[in-house]
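Heads up, the thing below is written out as structure tokens.
The values are calculated or read from the model by the stated rules, or taken from the named source; none is laboratory data. Keep in mind that what you see is a predicted model, and the values were worked out from it rather than measured. As a convention, Cβ positions derive from the backbone with ideal geometry for all residues, glycine included, and neighbour counts pool all protein chains shown. To get the accessible areas, we keep the full protein, side chains included, count just its heavy atoms, and leave off ligands, DNA and RNA. Shrake-Rupley method; radii C 1.70, N 1.55, O 1.52, S 1.80 Å.
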Amino acid sequence: MTVVNPITQIFLPAAVVAVMFAVGTTLTLEDLRRVLQRPRGFLLGLFAHTLLLPALAFGVATAMALPGPIAVGLVLIASCPANVTATVFTHLARGDTMLSVCLTAAASLTSVFSLPLFVAAALSLFSAGGVVRLPILASALGLFAVGTLPVLAGMRLRRVRPEAARAIERRMGGFALAFIAVVVGAAVWSERGNVLPALLRAGAPALLTNALSVAGAWGASFLLGLPREQRIAVGLECGLQNFALAAFVALTLMRAPLLLLPAIAYGLTMWLSAAAVVLLARAQNQRN
């Protein structure tokens, strides 16, 4: 891998910061309090996203006897917070959009602690420590800088200058998503010699993990008696992962492009489950 890569070391972190800041501008403490007045959906979604998804990735990797780097990469993408587009898909499916926003922001805040711990455990369990290393403290600080601080800054702007925050929310959302799509595509292309030959090895476990994530989150929400709107939000939040953050960890912090294979495969397949949820939800809305 190239030692100096401006795409993965400069532009990719900048793209993550832009999107996380846009997430923060959509959230206020009052919104969070309203969600917590009916906390079951929020607590279930955060618990599932923070703990159950990585556990599911560990289980899939073990059951399929995946090679070390592929197994660790699967745990990595499962440990990332939700993709910001989860809110868009939740809105399209007539789900609880504010719950989705709160879950995305909360998972972005907690991932600074959970992601390094799960990835370090995966490196140890799947004997990949000799191939790559994860500096836990440096990773936590890096995740805090690109994932947590921008969310807090966006929330602060929303609190002190709500009109400016709403303007950024309207204009920055689409720009940030386009920017991050270009940068992530460039990051993958810059490492094509390492990632493309082995991409097919990660497709099946990524698809299985994604399907089980959405189905498991929806089933748990149903058993807990959550209303349909919250089931949609929790299911999509647990199915759409932040590929850009996974790329930042794999390429920038760990400099291990093989770990990105499951994230690439997951990033391609997660839109299928999201589209299925939206289509099924809208079809049910028409019947009702």
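Okay, here's what the table says:
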quantity: Largest-first ordering by accessible area, 1.4 Å probe, given options THR25, THR252; calculated: THR252, THR25
quantity: Highest to lowest packing among 149-160, 61-72, 104-115, scored as the average C-beta count within 10 Å; calculated: 104-115, 61-72, 149-160
quantity: Computed E for MET64/TRP271 - FRET, C-beta separation, R0 30 angstrom, nearest 0.05; calculated: 0.85
quantity: Table column - 3J(HN,Hα) (Hz), region 240-248, Karplus curve with 6.51, -1.76, 1.60, x for Gly and Pro; calculated: 9, 9, 7, 4, 4, 5, 4, 5, 4
quantity: Cα shape, region 193-288, gyration tensor, a/c 1.5 rule; calculated: prolate
quantity: Most to least packed among 236-245, 221-230 [average Cβ atoms within 10 Å]; calculated: 236-245, 221-230
quantity: Highest-first arrangement of 42-53, 268-279, where packing means the average Cβ count within 10 Å; calculated: 42-53, 268-279
